[in-house]
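Undergrad: Quick one: the structure is below, and I'll ask about it shortly.
Computed from the coordinates by the stated procedures, all read-outs in this text should not be read as laboratory data. Note that this is a predicted model, so its numbers are computed, not measured. For neighbour counting, all protein chains shown are included, and Cβ atoms are generated from backbone atoms with ideal geometry for every residue, glycine included.
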Amino acid sequence: MLGTLLVRFAFALQGSAAYRRTKQFFRDILNNPECSYKKYFDSLMIFLILTSVGILVYEVRHPVPEWMIIYDVYVVSLIFAVEYLLRLWVYSDVHTEIIRAYEEAKFLRKPFRLSEVLAKIAKEKFRYIISLPAIIDFLAILPAYRPLRILRIFVLFRVFKLLRYTKSINQFVDVLSNKRFELYTLLFLLLFIMATAGIAIYVFEEDKNPNITSLFDAFYWALVTISTVGYGDIAPVTPQGRMISILIIISGIAMISFVTSVIVSAFSEKLDALKENRIIEELNRKKAFLIICGYGQMTKMFLRQEQKLGSDYVIIDKDPDVVARAIKDGYQAINEDASRHDVLAKFNYEYAKITVLCLTDSDVENIYIALNAKSLSPSIKVIARATDEGMQKKYALAGVDHTLLPAQVTGMMLLTAITKPVMYRGMHAILTGQHVAHIDEVYAYRCVGLIGKQVLEIDFRSFRLLFIGIQRGEKGEFLFNPPADTVISEEDILLLMGLEISIRHFKETFGGGEL
Amino acid sequence: MSKRVYLFGYGKQGHALAEGLRREVFEVVIIETDPHYVEAAKAAGFEESYLIDVTQDSQIEALHITPDATMVCVMEDEHLNVFLTLSLRALYPEATIFAISSSIHMTQKLKMAGASRVIDLYHVSANRIHNILTKPVATKLLDSFISNDSDISFREIAIPEGSWLHGKMAEEVDFSAYGVLLLGLVDLELGNKFIFITSGVAHKLDSGDILVCIGYNEDLDRFESIIKLSTEPKKI
């Protein structure tokens, strides 16, 4: 009876879009770093934690006003409790579990046993409860119980909660956990020396040294000495005791420098990765950016021009030496293999307009990168460099938007320079954007004033502009010198030539100042 | 400009260039140091292919090149290419020398050696990527001019003697009515310099000036015949 009721309820939840949306919302806000509201939630939690700890410190010397206690006990703890429950809720889906078990039972013609399912769900949730972050969360709620003074110290667990909301601490823990083996080994060694030295001093000095009365004192002395802290409240008085001191001080120095070097090396190993992640994160916030694969002559030349524009880019190269050189030259570079799926998948290809430039000098690599990018999302634009004319077909098959043959381009340019010198100079001026002959593309949707107008209504001459033609949409046909009654529509791109200031003036006049 | 081009080097670049120049009805003279390449050039139909040692000035002089000739240096050996450019410049101070370079340093050396125009492989390609990214429509249009596979092209038209254009201001003439756009012109009075129409300088047209126009080939042909007339025809 109760079983069928629950199953029906589970199906109702499954069918409800509102429920799913709500759950997804909380899941995002709690766990999804991409969610835009998460940072507000995190800031609120950090604020609660800091005020709560502040009140604890303040309380030591001062009487605390009533509202502070109410705030600390009820507001903070309540929010923490709600958060705890929400996390427990979003950890797994109970209703899908019930439905799955129900359908399985139906399929196998077995009786549907509610207790089995509930046990399974409870086990699942229990797994969350005993995970470390959940335990910290739970302990952080405990100080709400005022009568037990000792619980007040659990406020400090609220500090541990900060780990959840701040990224840098997480990274610190991550870095250290990579050196788990070394650190455990050292800890074990430390405990071993401490125990031996402690027992030894206890045996030698328990009756002679008034400061050492128990084994605990002996261990305490051993740790203070081995860590080179040396409070001096307990000091050996016998020559045997001093001999032990000498030994453990020497081993202590060695061990401490060892620990330090392990931590430092862990960081220096991870530093590049951390930096690279930061570059990627910054880029992912941008609307459009370039991924340049390979750092050779071509990339250098390209960046030299591109830098003036200040556009967003990152260089990816497989060779760490090459990356180091790029960074030395002042460019943003990361050492990764762009032909690997997970490398490109790190970029925000769903929202941003990404252009991948395959400029390595190997065709195999370029094609592989191109395929990789295109398989990730066809909307990624790929421009690749080919070494050979025969390769062009392969690049086209790989879906590359533009294939570039440096030798061919150069040959063409040289040929033009010889056969059509005037045109060469003209094109050179136009393409290198010399200020007298700026050729520019005006997007109609950015210049709202143009839409719906006929060409003759716009007096290009008074703007000192030469109207060359209209491109109908990104992939549409190009109308050269269109008839005067052509109407400009929203997706048109107007090709104009003139001084840079004339073009800017034109854009401003028609309502699209910014580029 | 003379339609005779001296092409030094028949390697990968030289080969493509020679074919391109032949298509444009240029007289191509090929000079190589490698007998295989000379044979290949002869086989491809370039009658005037010579095998010489380009480091010997006497052998170059034996080719009887006119002092104002057009020369192209695309030897496969980069060092030899720079050396050759230098010796050609020393021998023919008046000549127009083109060269292809494959690095920034080489460009500088070639320029110092006296090349009139150096085309830098990487520079040109990088420029192109840049243009594809920032000016896709314009790049496509200009490409079609170069590759000659489009109906629209770029043409230099000299104003003939006694044309109705003579004495008119460039702004007065409505070129677009003829389906032609005037990009700019080369004014003989002002030296051999290309002036863009949009530079904002009022300009008087004279016979002998070279108009640089773009338009459909048929429109350009028609326009070329129209400007031969002594009076502007009535608009249709």
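Undergrad: How many times 2.2 N^0.38 Å is the alpha carbon radius of gyration of the stretch B:4-125?
TA: Relative to the rule-of-thumb radius for its length, the stretch B:4-125 sits at 0.97.
Undergrad: Which residue fluctuates the most in chain B, going by a Gaussian network model with Cα springs under 10 Å, if the choices are B:Lys168, B:Lys109, B:Lys135?
TA: B:Lys168
Undergrad: Turning to a different aspect of this structure: With a cut-off of 19 Å, note down the residues of the stretch B:103-118 whose backbone N falls inside the zone around a label point 7 Å from the Cα of A:Lys328 toward its beta carbon.
TA: B:104-105
Undergrad: Would you mind listing how long the stretch A:286-409 runs along its three principal axes, going by Cα atoms, in whole Å with the largest first?
TA: Principal-axis extents of the stretch A:286-409 (Cα, largest first): 36, 33, 27 Å.
Undergrad: P(r) for the stretch A:436-509: what percent of alpha-carbon pairs falls in each 5 Å bin, starting at zero?
TA: In whole percents, the pair-distance histogram is 3, 17, 30, 30, 16, 4, 0.
Undergrad: Just how far, in whole angstrom, is the stretch A:383-399 from the stretch A:310-329 if you go by their alpha carbon centroids?
TA: 24
Undergrad: How would you rank B:215-224, A:408-417, A:370-379, highest first, on the average number of other Cβ atoms within 10 Å across their residues?
TA: Final packing ranking: A:408-417, A:370-379, B:215-224.
Undergrad: Taking every residue in A:438-445, how many Cβ atoms of other protein chains lie within 10 Å of its Cβ, on average?
TA: 3
Undergrad: Please list the three semi-axes, largest first and in whole Å, of the ellipsoid equivalent to the stretch A:106-187, using sqrt of 5 times the eigenvalues of its alpha carbon gyration tensor.
TA: 35, 24, 12
Undergrad: Also, I was wondering about something else. Can you tally the net charge around B:Ile104? Count Lys and Arg as +1, Asp and Glu as -1, for every other residue whose Cβ sits under 14 Å from the Cβ of B:Ile104.
TA: Cβ neighbours under 14 Å give a net charge of +1.
Undergrad: Still on this structure, I have one more. Hey, rough spin-label estimate for A:Ala122 and A:Leu2, points 7 angstrom out along Cα→Cβ, what's it come to in nanometres?
TA: 1.1
Undergrad: GNM on chain B, C-alpha springs below 10 Å: top fluctuator among B:Met71, B:Met106, B:Met169?
TA: Among B:Met71, B:Met106, B:Met169, the largest mean-square fluctuation in the Gaussian network model of chain B belongs to B:Met169.
Undergrad: Taking a cut-off of 17 Å between Cα atoms, list the lysines near A:Lys23, but don't count ones fewer than 8 places away on the same chain.
TA: Partners within reach: A:Lys38, A:Lys125.
Undergrad: Using helices alone, what [θ] at 222 nm do you get for chain A, with -39,500 (n - 2.57) per DSSP H run of 4 or more residues, divided over all residues and rounded to the nearest 500?
TA: -19000 deg cm²/dmol
Undergrad: Within 10 Å of each Cβ in peptide A:295-305, how many partner chain Cβ atoms are there on average? Round it to a whole number, please.
TA: Taking all residues of A:295-305 together, the mean is 5.
Undergrad: Just to be sure I understand: of the beta bridges DSSP finds with both ends in chain B, what percent are antiparallel, rounded to 5?
TA: The antiparallel proportion sits near 45 percent.
Undergrad: Expected output is a single nm value to one decimal: the length gained when fully extending between A:Glu491 and A:Ala144, i.e. 0.36 nm times separation in residues minus the C-alpha distance. What is it?
TA: 118.8 nm
Undergrad: Tell me, what does the Kirkwood hydrodynamic radius of the stretch A:180-270 come to in angstroms if you use every pair of distinct C-alpha atoms?
TA: Roughly 13.7 Å, rounded to one decimal.
Undergrad: Enumerate the aspartates and glutamates that A:Lys507 could reach by cross-link, defined here as Cα to Cα under 18 Å, with residues fewer than 8 away along the same chain left out.
TA: Result set, ordered by chain and number: A:Asp440, A:Glu441, A:Glu457, A:Asp459, A:Glu490, A:Glu491, A:Asp492.
Undergrad: Next question. I want to check the label-to-label distance for B:Ala43 and A:Leu78. Put each point 7 Å from Cα in the C-beta direction and report it in nm to one decimal.
TA: About 9.2 nm separates the two model spin labels.
Undergrad: Please list the helices of chain A that count as membrane-span-like by this rule: a mean Kyte-Doolittle hydropathy of at least 0.5 together with Cα atoms stretching 18 Å or more along the helix axis, each helix being a complete DSSP H run.
TA: Counting only whole DSSP H runs, the qualifying helices are A:2-15, A:38-61, A:77-91, A:180-205, A:239-284, A:406-419.
Undergrad: For a quick check: sort A:Cys447, B:Cys213, A:Cys293, A:Cys35 by the number of other beta carbons within 10 angstrom, fewest at the front.
TA: A:Cys35, A:Cys447, B:Cys213, A:Cys293
Undergrad: Taking R0 as 51 Å, what FRET efficiency do you get between B:Thr55 and A:Glu282 from their Cβ-Cβ distance, rounded to the nearest 0.05?
TA: The value I calculate is 0.40.
Undergrad: For the pair A:Leu371/B:His79, report the inter-label distance in nm, with labels modelled 7 Å from Cα in the Cβ direction.
TA: 4.1
Undergrad: OK, next. Shape verdict for the stretch A:336-452, please, from the Cα gyration tensor: rounded (a/c under 1.5), prolate (a/b greater than b/c) or oblate.
TA: Oblate, because a/c is 1.5 or more while a/b does not exceed b/c.
Undergrad: Next question, about the same structure. List the aspartates and glutamates whose alpha-carbon lies under 14 Å from that of A:Lys179, not counting same-chain residues fewer than 8 positions away?
TA: A:Glu269
Undergrad: Please compute the Kirkwood hydrodynamic radius of the protein assembly as shown from all pairs of different C-alpha atoms, in Å with one decimal.
TA: It is 34.0 Å.
Undergrad: Given a Förster radius of 35 Å and the C-beta distance between A:Val203 and A:Asn178 as r, what FRET efficiency does 1/(1 + (r/R0)^6) yield to the nearest 0.05?
TA: Efficiency computed from Cβ-Cβ geometry: 0.30.
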